[in-house]
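These notes concern the structure reproduced below.
Taken together, the values in this text are just the output of simple stated rules run on the coordinates, not laboratory data. These numbers were taken from a predicted model, which means no experiment stands behind them. As a convention, Cβ positions derive from the backbone with ideal geometry for all residues, glycine included, and neighbour counts pool all protein chains shown.
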Amino acid sequence: MRNSDTPLLIVLVLVIIGGATAWYFKDTLFPEPEPAPMASAPAPVEPEEELGPRHPMPDVQTSPETDRNLVPLPPLDDSDAYFLLEIGSAFGTAIESLLTREFVIDRLVTTVDNLPRGELSEKIRPVGRLGEPFATDTDGGDTILLGIASYSRYDALVAQLYYADVDTVYDIYQRYYPLFQKSYERLGYPDAYFNDRLVEVIDHLLATPKPGGPIYLVRPNVLYEFADPDLEALSSGQKLLLRMGPDNAATIKRMLEKFRSQLMAG
């Protein structure tokens, strides 16, 4: 497993989601992929023949008074300070401080797009590392387990996200959606829609399997791997949920379901 973490929670629930739901963790469980340029993306898929987005985002509804006080969205490349200020105002500096200072929306979009895939490059992660290092448990012998020592690292973050106002998360996402869409087009999808991709990714994360028993690890070389080949073959986003532990994963799934309901209702 790799040696750093990025809260997927913040990517999916807090900011776009995401809190993250977030977002992209990495630690010593997974080998480090070759760094990819920030703007890189998988080869664009041929667009489906459809008239528009499957899950269109509604326009932001405001009153004349709100219109007078609402600051227009900045250009995508100048949006970092504005977006971080929104996150800080809504969720406090403890959450806002976890995010990177540059290319925030680009990193979020790239991370979300890559969560259903096998690996995430450290270069695109939108948030910093968890304070506590990765740790394993044992069964009293030589067997290595993914257990309380690892799960507890995520407890405080998940608790913060648990109390996040989903309506506020959605309002921020809706307001900044034009910038998310522009970033997605720039990533290599000029004829696709980020909100459609976000719903797909949420569904993928919700489909993360629940292990029927303890999660065993092996260490064939320097890095840890899941002993179960079916778990090792899961995507980076689904592995993240497993590393959080069953209770934290269940909490995040409930948040994702609520956010998905907002997206579909919109």
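Once the piece of chain linking residue 143 and residue 155 is laid out straight, how much longer is it, given 0.36 nm per residue of separation minus the C-alpha distance between them?
1.9 nm is the gain from fully extending residue 143 to residue 155.
Can you compute 3J(HN,Hα) from phi for each residue in region 224-239, using the Karplus curve 6.51 cos²θ - 1.76 cosθ + 1.60 with θ = phi - 60°, rounded to whole Hz and x for Gly and Pro?
With the stated coefficients, region 224-239 comes to 7, 9, 5, 5, 6, x, 5, 6, 5, 7, 5, 6, 4, x, 5, 4 Hz.
As an exercise, use a Förster radius of 45 Å and the Cβ-Cβ distance of residue 175 and residue 135 to find the FRET efficiency, rounded to the nearest 0.05. Let's see the in-between values first.
Numbers: r = 39 Å, r/R0 = 0.87.
Working from the Cβ atoms, E equals 0.70.
Using amide H atoms built 1.01 Å from N in the peptide plane, name the residues 5+ places from residue 215, or on other chains, whose amide H lies under 5 Å from its own.
146
Apply 1/(1 + (r/R0)^6) to the Cβ-Cβ distance of residue 262 and residue 233, taking R0 = 51 Å, and write down the FRET efficiency to the nearest 0.05.
Working: r = 31 Å, r/R0 = 0.62.
FRET efficiency, residue 262 to residue 233: 0.95.
Expressed in nm², what is the orientationally averaged projection area of the convex hull enclosing the Cα positions of region 199-266?
On the way: hull surface 19.8 nm².
Over every viewing direction, the Cα hull of region 199-266 projects on average to 4.9 nm².
Take residue 222 and residue 71, extend 7 Å from each Cα along the Cα→Cβ direction, and tell me the distance between the two endpoints in nm.
With each label point 7 Å from Cα toward Cβ, the separation is 4.4 nm.
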